[in-house]
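Structure first, commentary second.
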């Protein structure tokens, strides 16, 4: 029985939309513009321990769409999950928190962003695929260089 207690554990406890906002600060006038809008997409990730072996991991997308200098619409969505991770070496835990968990969360975030844009009366914004492994490795290289 003692061997089972030391078995590695990784499981998703819960997935949820943590935060969502939509702003159309220049509506309705800007909706009459014929110019093609510029779209800027920013992604952020977060991970924090909330109990022993239990972590909240989140991925946030901020989509700013402008016509000229004026904002057409701004969407910010944060999708999160609660994960149980136990009996693994710390370097593996960090990899799971920064690669595996965001990969599980991201498809839900993509769907939410696309859906809210459509419900707001705009064409859907389709977030591109993200290589979280490459991002994690790049952050590790930056940390080693500093």
Among the residues of region 1-30, what is the count of those that are surrounded by 11 or more Cβ atoms within 10 Å (Cβ to Cβ) and over 28 Å from the mean Cα position of the chain (by Cα)? 1
Conditions (1) in a strand (DSSP E or B); (2) under 19 Å from the mean Cα position of the chain (by Cα); (3) over 30 Å from residue 35 (Cβ atoms); (4) touching a residue at least 40 places away in the same chain (Cβ under 8 Å); number of the one not met by residue 65: (3)
Residue set 81, 95; condition touching a helix residue (DSSP H, G or I) at 6+ places or on another chain (Cβ under 9 Å), modelled with pLDDT under 95 and within 30 Å of residue 6 (Cα to Cα); output residue 95
Considering each of 75, 113 in turn, give the residue that is buried (at least 18 other Cβ atoms within 10 Å of the Cβ) and in a helix (DSSP H, G or I). 113
For residues that are out of contact with any strand residue (DSSP E or B) (no Cβ under 7 Å at 6 or more places or on another chain) and under 16 Å from residue 65 (Cα atoms), tally how many sit in region 111-122. 5
Would you point out which residue out of 48, 33, 90 is touching a strand residue (DSSP E or B) at 6+ places or on another chain (Cβ under 7 Å) and surrounded by fewer than 12 Cβ atoms within 10 Å (Cβ to Cβ)? 48
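The values are calculated or read from the model by the stated rules, or taken from the named source; none is laboratory data. Quantities reported herein were computed from a predicted structural model and do not represent experimental measurements. Here Cβ is always computed from backbone atoms with ideal geometry, including for glycine, and neighbour counts include all displayed protein chains.
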